[in-house]
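Report on the following structure.
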Amino acid sequence: GVATYIKKIVGVQSARNDDILLFDHKSRTGEPKEGITYVANSQDLFRQCRAEGVDIVHTHLSLPLDGPPPIPTLRTVHGHAPFCPAGTQFLARSSRPCPHVYSLRQCLTGHLQEHCGSIRPKNMVSEFRGTFAEMRDGRYLQYTTVSSFMRDRMVRAGYPANRITVNYLPAPPIDPHNNIRSATSGRLLFAGRLTRLKGVDWLLSSLKAVPAEVAVDIAGDGPERQNLERLAKELGIIDRVTFHGWQSGSQLASLYNQCIAVVFPSLWHEPGGTVAFEAMAHGKPVIMSAVGGMPEIINDDHNGVLVPPGDIAALSGAILKLYGNPSLARQLGEAGRRDVESKYSLAQHMAILDAAYSRCIQTFVE
């Protein structure tokens with residue numbers, strides 16, 4: 001997701017002839033990629049940036065500093081690491097989103113009792129050190145977050161509010177030739193990585209409670225795929241579930257076009273929700289669990305339906321609501337597409353980002 005986002009903003013910056021250098025951490029690379037410089041640490045990064053006359057550094061992952069950066073530095077926060085050592089904001093044993101922000105006592109209890117992060121001592125220490133480093137660096141950096149939820153959690157954890165700008169993820173461009181049309185069948189779509197956090201088991205359990213004509217396409221892969229296929233068989237709905245694996249852009253577009261709604265049943269606090277923007281750009285309503293930043297994007301009975309995370313009755317009821325009323329599904333989809341045009345375009349995103357760059361440079365003190 002982060003790589004896709006970087007490609008989008010770099011595409012705009014390259015088109016307007018900005019000079020861009022791309023860096024990655026040596027520990028993250030398999031085969032080196034052309035056009036990317038690999039650095040060992042923040043000192044190595046800033047040394048190379050100063051040598052190249054870089055005006056501003058824009059980071060997207062944690063890169064601990066040893067003090068104030070020598071160049072204006074903006075950090076876009078895509079995940080929960082700045083206020084959650086586990087990085088998930090998810091209580092694994094309870095299967096529910098975490099209501100807390102960082103405190104040593106609370107997070108240590110969560111690791112040991114809820115298994116929200118690693119319980120292996122070495123890994124646990126590494127997770128806590130990562131958040132310690134993020135919070136220490138918060139004294140020096142400017143930030144953008146992908147939702148107000150993320151900003152609010154950071155402020156609760158002690159980050160300065162005046163250093164954080166909310167900038168929602170940009171939606172894909174709307175194809176003017178792709179007219180919104182009602183689905184001719186009761187197909188639902190889930191798109192994403194198949195992990196426990198994404199709540200696909202909850203979706204399958206809810207599917208059993210709706211008419212047999214309703215089916216679901218699952219686009220994506222991940223460590224939970226075999227467990228989910230087994231669950232679909234146990235529930236007796238395997239003939240109503242199609243596991244497509246990862247799909248190309250054109251294949252995914254076809255699945256979006258034929259569905260009546262997109263279901264985004266996350267059990268953790270989704271930071272920004274790329275799939276929600278994709279669904280709206282395709283004119284499809286989103287059935288979304290009310291977690292993380294999602295209620296900022298999906299408004300109940302405006303462009304989708306919100307349900308409490310893990311609630312089978314609520315999710316099956318939302319599915320029935322749209323399956324039983326195709327005109328309502330179309331109405332919500334049209335509203336979502338208008339939201340993309342008025343609020344979440346790439347041009348609007350870049351305007352906010354450019355303003356954040358300017359503010360970062362103006363407030364920088366070397």
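Tabulated data
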| read-out | value |
| --- | --- |
| Residues located in region 68-80, provided they are crowded, with 20+ Cβ neighbours inside 10 Å, among the hydrophobic types (A, V, I, L, M, F, W, C) and either over 22 Å from the mean Cα position of the chain (by Cα) or assigned to a loop (DSSP other than H, G, I, E, B) (or both) | none |
| Selection count, region 132-148, where residues are touching a residue at least 12 places away in the same chain (Cβ under 8 Å) and over 25 Å from R359 (Cα atoms) | 0 |
| Tally, over region 312-350, of residues that are open to solvent by 60 Å² or more (accessible area, probe 1.4 Å) and among the aromatic types (F, W, Y) | 1 |
| Every residue from region 292-316 that is among the acidic types (D, E) and on the phi > 0 side of the Ramachandran plot | D301 |
| Tally, over region 211-233, of residues that are in a loop (DSSP other than H, G, I, E, B), more than 21 Å from G249 (Cα to Cα) and open to solvent by less than 50 Å² (accessible area, probe 1.4 Å) | 2 |
| Number of positions in region 263-285 that are within 14 Å of the chain's Cα centre (by Cα) and either assigned to a strand (DSSP E or B) or within 19 Å of R96 (Cα to Cα) (or both) | 10 |
| Residue match in region 286-302 (condition: open to solvent by less than 10 Å² (accessible area, probe 1.4 Å), of a type outside the set (S, T, N, Q), within 23 Å of the chain's Cα centre (by Cα) and within 20 Å of S254 (Cα to Cα)) | yes |
| Failed item, numbered, when V125 is tested on (1) open to solvent by less than 40 Å² (accessible area, probe 1.4 Å); (2) without any contact (Cβ under 8 Å) to a residue 60 or more places away in the chain; (3) over 30 Å from R359 (Cβ atoms) | (1) |
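The values are calculated or read from the model by the stated rules, or taken from the named source; none is laboratory data. Keep in mind the model is a prediction, meaning the values are calculated, not measured. Note that we place each Cβ from the backbone using ideal geometry, even for glycine, and neighbour counts take in every protein chain shown. Surface areas here come from the heavy atoms of the whole protein model, side chains and all, with no ligands, DNA or RNA. Shrake-Rupley method; radii C 1.70, N 1.55, O 1.52, S 1.80 Å.
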